[in-house]
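Note sheet for the following structure.
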Amino acid sequence: MTARFAREVPAGPPAGSSWPDDGVVAPYHLHVDGFLHTVAGAWIGDSLLTVLRDVIGVTSVKDACEQGRCGACSVLLDGRLVASCTVLAADANDAQVSTVAGLRTAGPARAVRAAFLEEGAVQCGFCTPGFVVAVTDLLTRRPDADEEEIRESLAGNICRCTGYGRILAAIRTVQAERGTLLSGDAPAPPHRGVGR
């Protein structure tokens, strides 16, 4: 577990509400990757990302922009894709949280991981956990997603290394292997090296 960072408590709560005197909320529970965690002593303003990394110690969720713009901290919250930096942890009380580490090996998750490696969609790897969660979510909901749907679903994830071509190829590989590639879509091009 990482050391907690000191935080200043804001001057006051939003109008019409109240905060505990010290800004610390009552203990609450998170179900993370199938394990129940009791979170005690957390600040009322802690994001789900902060609690996952700094309190529970789940470092597979990456901390990058902390503004919901990069997708590195993507998780499934009760089955819905979210940027964990934009969710208050206390609001996720009793929720089911799935990180990249907890995605089941059944379904598309295992194939997505393998295709990312096979197609060279992993370079520095920092954005990879968020991409794997987002792609797994997409292919679970829409296994036959077309090019436009794929690009739209990945709009919340930023990668500075791959140029996205290899990531798209990995998705097409998974679709082809699972027999869900739409007839009008081109199959993934053969792998010709990292960074295409």
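The values are calculated or read from the model by the stated rules, or taken from the named source; none is laboratory data. In this text, all values refer to a predicted model and were calculated from it rather than measured experimentally. Cβ atoms come from the backbone with ideal geometry, glycine included; neighbour counts cover every protein chain shown. Surface accessibility is based on the protein's heavy atoms, side chains included, excluding ligands, DNA and RNA. Shrake-Rupley method; radii C 1.70, N 1.55, O 1.52, S 1.80 Å.
With q set to 0.22, 0.26, 0.34 Å⁻¹, the log10 of I(q)/I(0) for the range 64-105, from the Debye formula over equal scatterers at the Cα positions, is -0.71, -0.93, -1.22. With all protein chains in place and a 1.4 Å probe, the accessible surface of the range 133-181 carries 48 percent carbon and sulfur. Shape summary: the range 33-99 maps onto an equivalent ellipsoid whose semi-axes, from the alpha-carbon gyration tensor, are 16, 13, 11 Å in decreasing order.
Rolling a 1.4 Å probe over the protein heavy atoms gives the range 61-156 an accessible area of 47 Å² per residue.
Of the trypsin sites (Lys or Arg not before Pro) found in the range 128-178, those in coil by DSSP whose Cβ has at most 11 other Cβ atoms within 10 Å are 160. For the range 44-171, the Kirkwood estimate of hydrodynamic radius, built from reciprocal distances between every pair of different alpha carbons, is 14.6 Å.
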